[in-house]
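To start, the structure under review is shown below, and the notes come after it.
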Amino acid sequence: MSEQTPAAVFLKDYKVPDFLIDKTELTFDLDETQTVVTSRLHIRRNPESDAATAPLILDGGEDVKLIGVAIDKYELPKEEYNVSNDKLVITATPDAFILTCETLIEPQNNTRLEGLYRSSSMFCTQCEAEGFRHITYYLDRPDVMSVFTTTIIADESRYPVMLSNGNEIERGKTEDGKTFVTWHDPFKKPAYLFALVAGDLEVLNDTFTTMSGRDVALKIFTEKHNIDKVDFAMDSLKRSMKWDEEVYGREYDLDIFMIVAVDDFNMGAMENKGLNIFNSSCLLASPETTTDDAYLRVEAVVAHEYFHNWSGNRVTCRDWFQLSLKEGFTVFRDQSFSADTHSDVVKRVEDVSFLKTAQFAEDAGPMAHPIRPASFIEISNFYTLTIYEKGAEVVRMIHTLLGADGFRKGSDLYFERHDGQAVTCDDFVSAMEDANGVDLTQFKRWYSQAGTPILNVTDSYNETTQTYTLNVSQMTPPTPNQPTKLALHIPVRAGLIGPDNQPLSFTVDGKEQTEVVLHVNQAEQTFIFENVASRPVPSLLRGFSAPVKLDYGYTTDQLLQLMSGDVDGFNRWSASQQLAVNELLNCVQQYQAGKDLTEESSLVSGFESLLADSTLDSAMVALILSLPSQAYLSELSGVIDPHAIKAARKHLRLLIASSLEKEFKKIYEANTVTDAYQASAGQIAKRSLKNAALSYWVASGNDEAKSAVVRQYRNADNMTDQFSALSIIVNNQLAEADDLMSAFFEQWKHESLVVNKWLMLSASREQENGLVQIKELMEHPYFDIKNPNKLRAVIGGLGQNVETFHNLDGSGYAFLADQIILMNKRNPQIASRLCTPLTRWKRMESRLSEKMKSQLERIASQDLSKDVYEVVSKSLA
Ligand code: B3K
Ligand code: ZN
C-alpha cells in the first residue's frame, strides 16, 4: 500500500463551510502545452460558520501549479500562504475580499480525465465530483454555490468553438491576435457543474418553446464526422423537455441548452449547467451503426442529464453523502420517462433485472453501503448501482406510498422550498411528508441501512371462513459495519389469482378489491384477506414494488399459472424467471455432482404456450425467452461456480432449442420488419423477439437456421440485426465466424463505437488460448488504452468469457490485476471500476477464490491511488 493510508471522511463530521464564494470569474488561456487559469473569487466569511477566524483552506490538486495569489490588490508573499497536501492555506484574511489566483495546468498530460483534459483535438472538462480542484484552487464542495463568469482565450483557427456554462456575453480579439469568448451563468452553482469545451466542432441547431412561451436554442456539438448521428439525441432532448413540463411542471431556465460529444470520458455523461458533456457512446446514433439497446440508452441518458437541471442543479446536494438525492431521484425520473415513451412493463423488467443482478451483488459484497453512505475514502467509488438504482427504487417506493398525485405535490414543494439550495435526503423526504401530511420516519431507514432485505412469506387458506392469511417476515443480512438491522417499511403490492386464472377479489381493511399494497413494517406480520372464494395463488411484489428478495415456496405449477395468467405483466416475467432459475440451479447441482443434466424442463411447455399466444407483447415474450444471465445466477449462488453455471445455461438452452425448433423458426419468420428503421417501441419489440428466436433456432443445430443467420448478417440494413446475427454466429461457433468477424471489422473500422462492439465480442469469444487473443486485442492498432470505452470493451468482454477469465490456473485474474495496476496511476477511476469482479472473491468456489484473493493482495502491495486502495482494502478486510 502507499506510505500514507488514505483517510475516510464521515457524514457525521459535516460542517458548513467557513467561507462562501459569491462570484467566480475565470479566465482560461488555452494552449497545447500549458494552460494558464486566472481566477477572481469574491469571497466572504460564512455567517453560519462558528469559526469566525478560521483560515481560508482551498482545495487543489498535485497537477495544479500555483503561480501567484493576491488578496484584493495585495500580492501575497510566499510567507503569507502555504501550499501543501493539495491545499492552499491562507491564515489571515479580511472578512470579505477578492482572491486572485493564477495557476498553470497541463491538460494534454491529464490521463485521469478529471478536471480540464484533451479528448481528440478538443479541450473538455469533467468536474464532478472533485475535478474542479484539478483546474484551480477552490472551495470544491457542493454547498459552496457561486455565479460563474468564464472567459476562454484560444487560437480561433484551431478552436473555433469555445463554450462554457450559461449565455455568451462577449467575444473579441486579444492583443496577441487570439480570440476570447466570455460566458456568464446567472444561476449560482457548485464548482462540480462547471464546464468548458473548445474545439473544431460542428453543430446541430434546433429550438424548443417552453410552456411559458420562451424560445430556447438547442445545440448539439460533435466532431465533424459525427454530426450526422445526433438527430435522435436532439429529438430525445425535446421530448424530455416536454415531459418534464407535463409530468413535473419543470421548465428549462436558460436561453440556450448545449450538449457536446467527446470520445474519451470516464462515464456516460455529465449534467453541467447548460452545457452537458456526453461520452459519444451515449449520444451518437444511426440505424447502420447503433443497436436498439444503444438507441434506448441514448434516449435515457439525454433525458437523465436534462432532468438534472432541476433535480441536481437548481436543487443540489449539500455534501457528497447525499449523492442519491440527485441521482436516485433523477434515475427514477428517467426510468418513468422511458416507461411513458415505450412499454412500462418492458422497461420495468429491464430495470429490475439489472438491479437484481448487479445492485444485489453489490449489496452482498465488501463495498455494500446504504444509499446515503456514512463514510467514504474516495467519493468517485460511490457512483454506484446502490446510489443510482437502489436510490431510484427508494424514490419509487415513496411514489407507491403517496400515489402519483401525492408524489407530485411533494416534488413541487421540494423544488419550490429548496430552489437555489444545497440540501439533504432528509429535506427531500420532509417535503414529501409535509405536502402529504404523512410520517415517513420508519421509511427513512432505507437511507441509512445497507443490504437487500429478504421477505419470507408463507400462507394458509381456510375454506370454511373463506379467509386467506399471509405470514410475512423480513430480515436484512449483515453488511460491513452494520451487523444488525432494523425492520424497514416495505410496500408489497399484491393480488390473488384464482384456479381459472382470473384475479380473485378479496376484502382487506373492510374494502373489497383485487389489488392491495401491504405495509410490511415489522419483523413478523400477518395479513388477512377475507371473502376469498377459493384457494388462491398469491401474486406478490407486483411491479417489483420494493427492492427485496422474495422467498415464497411457489410450486412449478403455480409459477406456470402466474406466467400465463397474472394480470400483472411484471409478475408474469418474474414467474418465468423463477421457473428458469429453479431449473438452472438444479442443473448446476447435477453438474457439480458429476451427474447427467436433466432432460426434463417445464420451461419447454411454458415457452410453448407463450410462443403460441399472439396477443402478447413481442418485447415481453423476448424478455421471457432470455434465460437468467450468468451474472444473475452467480448472484443467487451461495458459492459461485462459474463453470457449472455456464454448463447449466448451455444445457437448458439447447434443450429448449431442440424441443421448440419449429416454433422458433415460425416466430423468426413472422417477425421480420420491412419498414425503414425506427427506434420505435413496435419495431424494437419485433426485432428483439425475432433475434431471440433466431438465437434458439440456430442453437438447435438446424441447417436452415444456420443459413438464415448468415443471410441476416449479410442483408441487414441496421446494426441491431447485423450485430445480433454476428453474435449468434460467433457464439454458436459456426464455420463462418472467423470470416465474418474480419469482414465486420473491415466494414466498420472507421466507426469507433462499432469497433468497440467488435472488441467486446472478440474478447468474449470462446477460443483456445483465449488470453492470448485478448492480449493481441490490446495490441491492436484500433485499440487505445487512453480511451475508457475501448478498455471497458475488452475487459468487459473478458469478464463474459467464462473459460478465459475463470481459468483455474488464475491467468485471467492475473491479467485483470495487471491492467488494474497499469491504470492505477494513469486513470484511478477506471482502475477502481475494473476491480469489481475481484471483490466477489469470498463467494467464489474455493480454487478460484484463492486465486482471486492472491491477485487482490498483489494489487494491495503497490503504491495505490485512493480509488483503488479503498476497493482493494475493503475487499481484503
Ligand atoms: N453526475 C454524473 C456522474 C459523475 C460521475 C463522477 N465520477 C452523471 C450523471 O449521473 O448524470
Ligand atoms: Zn445523474
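Can you list the helices (runs of 4 or more DSSP H) found entirely within the range 770-860 that contain at least 3 residues being closer than 20 Å to Tyr383 by Cα?
Details: elements: 770-779, 788-800, 802-805, 811-826, 828-834, 846-860.
Hits in the range 770-860: 788-800, 811-826, 828-834.
Being over 16 Å from Thr136 (Cβ atoms) and in a strand (DSSP E or B) is the filter; apply it to the range 2-43 and report the residue that is least open to solvent (accessible area, probe 1.4 Å).
Out of the qualifying residues, it is Leu20.
Restricted to the range 290-315, and to residues that are within 11 Å of ligand 1 (Cβ to nearest atom) and farther than 15 Å from Ser240 by Cα, which residue is farthest from the chain's Cα centre (by Cα)?
Asn313
Find all pairs meeting these conditions: Cβ atoms under 8 angstrom apart; at least six residues apart or on different chains; first residue within the range 50-76 and farther than 16 Å from Leu99 by Cα and in contact (Cβ under 8 Å) with a residue 60 or more places away in the chain; second residue basic (Lys, Arg) and open to solvent by 10 Å² or more (accessible area, probe 1.4 Å).
Cβ pairs passing all conditions: Gly61/Arg133; Val64/Arg133.
Identify, by number, the condition in (1) of a type outside the set (A, V, I, L, M); (2) surrounded by fewer than 20 Cβ atoms within 10 Å (Cβ to Cβ); (3) part of a strand (DSSP E or B) that Gln558 doesn't meet.
So the condition that Gln558 fails would be (3).
Taking into account only those residues within the range 459-509 that are part of a loop (DSSP other than H, G, I, E, B) and of a type in the set (Ser, Thr, Tyr), which is surrounded by the fewest Cβ atoms within 10 Å (Cβ to Cβ)? I'd like the intermediate steps shown before the answer.
Initial filter on the range 459-509 (part of a loop (DSSP other than H, G, I, E, B)): 463-466, 476-478, 480-481, 483-489, 498-502, 505, 509.
Now restrict to residues that are of a type in the set (Ser, Thr, Tyr): 464-465, 476, 484, 505.
On the way: Thr464: 5, Thr465: 11, Thr476: 20, Thr484: 7, Ser505: 16.
Per the stated criteria, the residue is Thr464.
Taking the range 368-411, which residues are outside any helix (DSSP H, G or I), within 16 Å of ligand 2 (Cβ to nearest atom) and either modelled with pLDDT under 95 or β-branched (Val, Ile, Thr) (or both)?
Ile371, Thr384
Could you please find all residues in the range 299-319 being away from ligand 2 (no atom under 13 Å from the Cβ) and surrounded by fewer than 24 Cβ atoms within 10 Å (Cβ to Cβ)? Don't jump to the end; show me each part of the working.
In the first step, residues of the range 299-319 are kept if they are away from ligand 2 (no atom under 13 Å from the Cβ); the result is 299, 314-315, 318-319.
Of everything in the range 299-319, those that are away from ligand 2 (no atom under 13 Å from the Cβ) and surrounded by fewer than 24 Cβ atoms within 10 Å (Cβ to Cβ) turn out to be Arg314, Val315, Arg318, Asp319.
Is at least one residue of the range 250-264 near ligand 1 (Cβ under 10 Å from one of its atoms), open to solvent by 10 Å² or more (accessible area, probe 1.4 Å) and either hydroxyl-bearing (Ser, Thr, Tyr) or closer than 17 Å to Ser752 by Cβ (or both)?
no
What are the pairs, 6+ residues apart or on separate chains, where a residue within the range 301-314 that is farther than 11 Å from Met270 by Cβ and in a helix (DSSP H, G or I) has its Cβ under 6 Å from a residue that is open to solvent by less than 10 Å² (accessible area, probe 1.4 Å) and within 10 Å of ligand 1 (Cβ to nearest atom)?
Phe307/Thr330
Just checking, does the range 325-344 include any residue being closer than 26 Å to Pro477 by Cα, among the small types (Gly, Ala, Ser) and in contact (Cβ under 8 Å) with a residue 24 or more places away in the chain?
Within the range 325-344 (the criterion being closer than 26 Å to Pro477 by Cα, among the small types (Gly, Ala, Ser) and in contact (Cβ under 8 Å) with a residue 24 or more places away in the chain), the answer is yes, since at least one residue qualifies.
Quick one: Leu654 ticks every box in (1) out of contact with any Pro (no Cβ under 6 Å at 6 or more places or on another chain); (2) touching a residue at least 12 places away in the same chain (Cβ under 8 Å); (3) under 18 Å from Leu560 (Cα atoms) bar one, so which box is it?
Going through the list (1) out of contact with any Pro (no Cβ under 6 Å at 6 or more places or on another chain); (2) touching a residue at least 12 places away in the same chain (Cβ under 8 Å); (3) under 18 Å from Leu560 (Cα atoms), Leu654 breaks only (3).
Scan the range 149-192 for residues that are touching a residue at least 60 places away in the same chain (Cβ under 8 Å), open to solvent by 10 Å² or more (accessible area, probe 1.4 Å) and polar (S, T, N, Q) and jot them down.
Selection gives Thr149, Thr151, Asn167.
Only residues that are within 14 Å of Gly796 (Cα to Cα), in contact (Cβ under 8 Å) with a residue 40 or more places away in the chain and within 16 Å of ligand 1 (Cβ to nearest atom): list them for the range 813-831, please.
Listed by number, the list holds a single entry, Ile830.
Going through the range 446-468 one residue at a time, which ones are within 23 Å of the chain's Cα centre (by Cα) and farther than 16 Å from Thr400 by Cα?
Within the range 446-468, Tyr447, Ser448, Gln449, Ala450, Gly451, Thr452, Pro453 qualify.
Out of the range 591-608, which residues are open to solvent by 20 Å² or more (accessible area, probe 1.4 Å), closer than 17 Å to Pro628 by Cβ, part of a helix (DSSP H, G or I) and not aromatic (Phe, Trp, Tyr)?
Ser602, Val604
In this structure, is Arg250 in a loop (DSSP other than H, G, I, E, B), more than 14 Å from ligand 2 (Cβ to nearest atom) and not β-branched (Val, Ile, Thr)? Lay out the reasoning, then the answer.
Numbers: in a loop (DSSP other than H, G, I, E, B): yes; more than 14 Å from ligand 2 (Cβ to nearest atom): yes; not β-branched (Val, Ile, Thr): yes.
Here the answer is yes, as Arg250 does meet what is asked.
Checking Tyr668 against (1) under 15 Å from Val604 (Cα atoms); (2) open to solvent by 20 Å² or more (accessible area, probe 1.4 Å), which single condition isn't satisfied?
Failing condition for Tyr668: (1).
Is there a residue being assigned to a loop (DSSP other than H, G, I, E, B), open to solvent by 60 Å² or more (accessible area, probe 1.4 Å) and free of Cβ contacts under 8 Å to residues at least 12 places away in the same chain anywhere in the range 677-696?
yes
Checking the structure you have, find out if any residue of the range 280-298 is touching a residue at least 40 places away in the same chain (Cβ under 8 Å), buried (at least 24 other Cβ atoms within 10 Å of the Cβ) and within 13 Å of ligand 2 (Cβ to nearest atom).
No; the residues of the range 280-298 include none that is touching a residue at least 40 places away in the same chain (Cβ under 8 Å), buried (at least 24 other Cβ atoms within 10 Å of the Cβ) and within 13 Å of ligand 2 (Cβ to nearest atom).
Test of understanding: among Asp351, Asp344, which residue is open to solvent by 10 Å² or more (accessible area, probe 1.4 Å) and either within 16 Å of ligand 1 (Cβ to nearest atom) or β-branched (Val, Ile, Thr) (or both)? Spell out the reasoning first.
On the way: Asp344 fails: either within 16 Å of ligand 1 (Cβ to nearest atom) or β-branched (Val, Ile, Thr) (or both).
Selected residue: Asp351, the only one of Asp351, Asp344 that is open to solvent by 10 Å² or more (accessible area, probe 1.4 Å) and either within 16 Å of ligand 1 (Cβ to nearest atom) or β-branched (Val, Ile, Thr) (or both).
For Val83, work out the one condition from (1) within 30 Å of Arg826 (Cα to Cα); (2) in contact with a Leu (Cβ under 6 Å, 6 or more places away or on another chain); (3) open to solvent by less than 10 Å² (accessible area, probe 1.4 Å) it doesn't fulfil.
(3)
Residues to consider are Lys326, Lys347, Lys356; find the one that is within 16 Å of ligand 2 (Cβ to nearest atom), assigned to a helix (DSSP H, G or I) and among the basic types (Lys, Arg).
That would be Lys326, the only listed residue that is within 16 Å of ligand 2 (Cβ to nearest atom), assigned to a helix (DSSP H, G or I) and among the basic types (Lys, Arg).
With the structure loaded, tell me whether Ala269 is under 19 Å from the mean Cα position of the chain (by Cα) and within 16 Å of ligand 2 (Cβ to nearest atom) or whether it fails that test.
Spelling it out, Ala269 is indeed under 19 Å from the mean Cα position of the chain (by Cα) and within 16 Å of ligand 2 (Cβ to nearest atom).
Please verify whether Phe337 is within 11 Å of ligand 2 (Cβ to nearest atom), at pLDDT 95 or above and part of a helix (DSSP H, G or I), treating the condition exactly as stated. Steps first, please.
Working: within 11 Å of ligand 2 (Cβ to nearest atom): no; at pLDDT 95 or above: yes; part of a helix (DSSP H, G or I): yes.
So Phe337 does not fit the description; no.
Name the single residue, out of those in the range 561-590 being charged (D, E, K, R) and assigned to a helix (DSSP H, G or I), that is farthest from Glu515 (Cα to Cα).
Restricting to residues being charged (D, E, K, R) and assigned to a helix (DSSP H, G or I), the top hit is Glu583.
Here are Met760, Met778: which of them is open to solvent by 50 Å² or more (accessible area, probe 1.4 Å), farther than 20 Å from Asn715 by Cα and at pLDDT 95 or above?
Matching residue, one of Met760, Met778: Met760.
The values are calculated or read from the model by the stated rules, or taken from the named source; none is laboratory data. What you see is a predicted model, and the numbers here were worked out from it, not measured in a lab. Here the Cβ is made from the backbone with ideal geometry for all residues, glycine too, and neighbour counts use every protein chain on show. The area values use the complete protein model at the heavy-atom level, side chains included, leaving out ligands, DNA and RNA. Shrake-Rupley method; radii C 1.70, N 1.55, O 1.52, S 1.80 Å.
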